[in-house]
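Worksheet: one structure, shown below.
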C-alpha cells in the first residue's frame, strides 16, 4: 500500500511539473541562435556584440541561447548578412555599408560623408522612420531590423596614415583602405582606394600594401594597436560623422520567437547599443591622450580638405539619387530632411 502511494505521488508530481513546465515555457526545448560580429575579438563592437548575446541568453533563463562568434569565424568577415539571409546565422551585428553589393542605399545609413551625427542618426532610425526604411530597402531578403538596433558610434578617425595629409593633392595616389561611400568619394578625389577587413589592416600597413586607412573610433583603434603602425592620426567628422553598426536578424527565426522573447531581444539590444555609444564617446577621450602619449602626431584635417570632400559628397549623392531613384532617393531625402530639422533645434 505504501509503495503504491509513493508511486501515485511520483506520477502526479511528474505530470504537474510537465504541465507547469510546458505552460510556463520552462521545460520547452531551448531555442539556439548563432550570431556573429564583423570584427576581431579586440574590436569593442565585437565585445559589445558578445555581451548582447550573453545578456539575451541570461535574461531569457536559457529559453533563447545565443552563441556568439567573431568576424570571419563563420563566414568571411563583412559577409555576415549573407549568412543571416541563408539561415546559417540567426543574428549579426555589422556595418550596413559592407552590403553595397545588395543595397546601394546601405551606404546612406553607414559612415555617410556629410551625414547625420550619432545622436541624430539614432533618433532618425528609432523615431524618424529609419528602421522602417531600412527594412523596405531589404525587401526580398530574409533579413530584418528594428528600432534600437543601431549603435550610433562617435565620428570615425578620418585617417591613420604614414603620410601627412594637408591638402587635397596629398590624397592623390595615396594607397588607402576605405569602405562604403566614403571610399568612393575619396577615390574621386584621387586616392587609390582598396577595401580590407579590419582584422587585416595591421599587417597591410606593416607590409606597405596601404599607406593609410580609415576604420573606426579613437577608442576602437587604440585597442587595436593602430598607434604602432601609423605616425599620423587625422581627425575630422567629414567622412564619417557616425560609424554605426546595426543588429540584423533572420526573418524566419524571428517569426518563430514567442512575443515575450521578441520584446526581450529588442530591449536588450536597445540597451547595449546605447551603452556602446556612451562607452566609446568616453573611451575616445581617453584614447586621444594615449595616442599622443605614445608619440603619434594627432591633428585636425584642414578646412579646405574638409570642404572639398563635402562638395564631392554633395555631387556624389545627387548623382546617385538620380541614377537609382526609388528607395535610395527616399532614404536620402528622409535623412536630409531630418538633418535640417535636427540642426534647427541646436
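Would it be correct to say that residue 238 is touching a helix residue (DSSP H, G or I) at 6+ places or on another chain (Cβ under 6 Å), more than 26 Å from residue 100 (Cα to Cα) and not in a helix (DSSP H, G or I)?
no
What's the number of the only condition in (1) farther than 22 Å from residue 247 by Cα; (2) in a helix (DSSP H, G or I); (3) in the same structural domain as residue 171 (by TED's automatic domain parsing) that residue 331 fails to meet?
With (1) farther than 22 Å from residue 247 by Cα; (2) in a helix (DSSP H, G or I); (3) in the same structural domain as residue 171 (by TED's automatic domain parsing) applied to residue 331, the lone miss is (1).
Does the stretch 17-37 include one or more residues that are in contact with a strand residue (DSSP E or B) (Cβ under 9 Å, 6 or more places away or on another chain), outside any strand (DSSP E or B) and modelled with pLDDT of 85 or more?
Yes, because at least one residue in the stretch 17-37 is in contact with a strand residue (DSSP E or B) (Cβ under 9 Å, 6 or more places away or on another chain), outside any strand (DSSP E or B) and modelled with pLDDT of 85 or more.
Kindly evaluate residue 108 against the criterion of being more than 29 Å from residue 87 (Cβ to Cβ) and part of a helix (DSSP H, G or I).
No: the conditions fail for residue 108.
Residues to consider are 182, 199, 190; find the one that is free of Cβ contacts under 8 Å to residues at least 60 places away in the same chain and either in a helix (DSSP H, G or I) or closer than 19 Å to residue 309 by Cβ (or both).
190
Inside the stretch 128-155, can you point out the residues that are part of a loop (DSSP other than H, G, I, E, B) and more than 21 Å from residue 338 (Cα to Cα)? Before the answer, list the steps.
Restricting attention to the stretch 128-155, the residues satisfying the condition of being part of a loop (DSSP other than H, G, I, E, B) are 128-129, 138-142, 145-149, 152-155.
Matches in the stretch 128-155: 138, 139, 140, 141, 142.
Out of 319, 323, 278, I need the residue that is out of contact with any helix residue (DSSP H, G or I) (no Cβ under 7 Å at 6 or more places or on another chain), in the same structural domain as residue 148 (by TED's automatic domain parsing) and assigned to a helix (DSSP H, G or I). Which one?
When all the criteria are applied, what remains is 278.
Hey, could you check the stretch 300-346 for residues that are closer than 20 Å to residue 167 by Cβ and without any contact (Cβ under 8 Å) to a residue 40 or more places away in the chain and say which is surrounded by the fewest Cβ atoms within 10 Å (Cβ to Cβ)?
That would be 303.
The values are calculated or read from the model by the stated rules, or taken from the named source; none is laboratory data. On a predicted model such as this, the values are computed, not experimentally measured, just so you know. We place every Cβ from the backbone using ideal geometry, glycine too, and count neighbours over all the protein chains shown.
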